[in-house]
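Here the structure comes first, spelled out in structure tokens, and everything after it is commentary.
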Amino acid sequence: MAKRVIVIGSGIIGASIAYHLAKAGAEVTVIEAGEPGGVATRASWAWINASWGNPEPYFELRVRSIEHWHKMQSEIPGLAINWCGGLIWDLPPDELEAYAAERAKWGEPLRRVDRGEILAIEPNLTTVPEFGYFAPGEGMLEPLAATLALLEAAKALGAEVLAETPVKWLAEEHGRVVGVMTDVGVIHADETVVAAGVNTAPLLDSVGLTLKMSAPAGLLAHSKPAPKLLNGLVMTPGLHIRQTAEGRIVAGTDFAGADPEGNAEFMASDLQAKVEAMVQGAEGLGLDFYTVGYRPTPADGFSAIGRPHSKNGLYLVVTHSGVTLAAALGLFAANELLTGTRDPLLATFSPDRPSLT
Ligand SMILES: Cc1cc2nc3c(=O)[nH]c(=O)nc-3n(C[C@H](O)[C@H](O)[C@H](O)COP(=O)(O)OP(=O)(O)OC[C@H]3O[C@@H](n4cnc5c(N)ncnc54)[C@H](O)[C@@H]3O)c2cc1C
């Protein structure tokens with residue numbers, strides 16, 4: 001008989017888990033407090049990358065996820081990913097060289113590009129350095145559209161999505177999680193997966209489990225739509241930019257974004273001014289809107305995936321860089337839930353590691 005699995009949360013992580021579970025034959029119900037498509041996911045810059053600052057196991061997980069996104073793209077017709085590559089010089093030159101050397105050592109070299117090559121890739125940039133690096137394997141997607149495509153693919157495989165249905169707490173019987181409590185009562189399942197982003201810790205708390213998390217804020221400025229001015233992702237000091245499928249240039253400041261602290265409007269206008277100075281053809285384009293999102297982040301910054309405290313019936317997946325990692329984490333979670341086999345790449349990402357409990 002098919003395993004009945006509840007997935008709490010329909011952001012990009014829950015959607016990928018639901019898709020992989022349904023594909024493997026599970027009977028899946030996604031339960032979502034609001035509209036399908038996530039919260040952090042909607043506010044994401046949505047850069048698919050294995051960029052700097054990652055220890056090797058996290059780098060390898062990201063590389064594996066990038067590979068798996070390609071496979072998913074071939075399986076899911078509505079899933080649009082632009083494998084445009086990324087230009088990067090948002091580190092001081094010596095650190096940039098050290099990062100490139102590390103990538104080469106790990107078998108994923110970057111291409112060193114001089115000023116002329118940078119301008120061949122992005123002819124509209126007004127300010128470019130002597131050299132940078134190009135990561136040809138990086139990509140971007142439109143996060144809400146991609147997540148809805150994953151949910152549609154899961155539904156086509158039999159999954160059900162219950163929107164506007166907040167889970168109040170995890171339902172427990174004799175030490176086992178047996179489902180979730182909602183406004184319409186308990187919904188039962190053999191397995192319950194928490195993919196609830198920043199709300200993961202409070203849900204675990206309802207069965208007495210602890211997961212230390214933070215939720216750093218990040219602001220993105222969206223310009224009014226423009227004709228095509230950028231070909232891919234551009235990471236410069238203090239300004240990360242990409243152009244969306246509908247023509248908006250989306251700008252953030254760095255990986256961590258920046259905490260708006262009541263200053264969001266000013267920060268968004270400032271970012272937009274930087275975009276207009278940096279991209280020829282964007283002058284006078286104007287800010288359309290900005291978003292402030294909160295990154296679901298385990299306390300040490302790395303993914304948490306697995307059965308917390310070996311709790312029967314319960315599994316969790318929470319991570320920053322979820323747009324990059326959703327492909328692999330969805331696949332690995334479904335495999336572990338349905339076969340009991342844990343992917344070796346997850347060795348250091350247990351939710352029970354000391355930094356999180
Ligand atoms: C500004 C910013 C920039 C980012 N840039 C990048 C980037 O360039 N590349 C990258 O890889 N990642 C990036 N990220 C991170 C990435 O967006 C997140 O890691 C990812 O979206 C997390 O997805 P999620 O599904 O876990 O969370 P969410 O999208 O937040 O989804 C969780 C869902 O669970 C639901 N939920 C919560 N509690 C309950 C409950 N009690 N009952 C029912 N449903 C519930 C919520 O309503 C929500 O829909 C960025 C994030 C931000 C904020």
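Read-outs throughout are calculated quantities, based only on the coordinates presented, and are distinct from any laboratory measurement. Because the structure is predicted, anything quoted here is derived from the model rather than measured. Note that each Cβ is placed from the backbone with ideal geometry, even for glycine, and that neighbours are counted across all protein chains shown.
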Report task. Using Cα centres only, tell me the gap between region 187-231 and region 49-95 in whole Å. Result -> 19
Requested in this report: Specify the angular offset, from 0 to 90 degrees and rounded to the nearest 10, of the alpha carbon long axis of helix 93-105 from the longest principal axis of the alpha carbons in the chain.
Outcome: 50
Query - 0 to 90° range, to nearest 10: angle between helix 143-156 axis and the chain longest Cα axis - result: 40
Report summary line: As a percent rounded to 5, the proportion of antiparallel DSSP bridges among beta bridges in the chain is 70
Query raised in the report: Between His309 and Ala2, how many nm apart are label points set 7 Å from Cα along the C-beta direction?
Result: 3.2
Report summary line: Going through Lys71/Lys212; Lys155/Lys311; Lys71/Lys168; Lys105/Lys274; Lys168/Lys212; Lys71/Lys228 one by one, the pairs whose alpha carbons sit over 31 Å apart turn out to be Lys71/Lys212; Lys71/Lys168; Lys105/Lys274
Report task. Sort out the exposed loop GluC sites (Glu not before Pro) in the chain (DSSP loop, at most 16 other Cβ within 10 Å) and tell me the longest stretch that has none. Result -> 1-129
Query raised in the report: Summing Lys, Arg as +1 and Asp, Glu as -1, what charge do residues with Cβ under 15 Å from the Cβ of Ser310 carry, Ser310 excluded?
Result: +1
Query raised in the report: In terms of the ratio Rg/(2.2 N^0.38 Å) built on C-alpha atoms, what value belongs to region 258-357?
Result: 1.56
Report summary line: Taking only Cα atoms of the chain, the Rg to Rh ratio with Kirkwood Rh works out at 0.98
Query raised in the report: Just for the Cα atoms in region 1-124, what are the lengths along the principal axes, largest first, rounded to whole Å?
Result: 57, 32, 26
Query raised in the report: Around Lys212, what is the net charge, scoring Lys/Arg as +1 and Asp/Glu as -1 over all other residues with Cβ under 15 Å from its Cβ?
Result: -1
Requested in this report: Please give the helix 56-75 orientation as an angle from the longest Cα principal axis of the chain, in degrees from 0 to 90, rounded to the nearest 10.
Outcome: 80
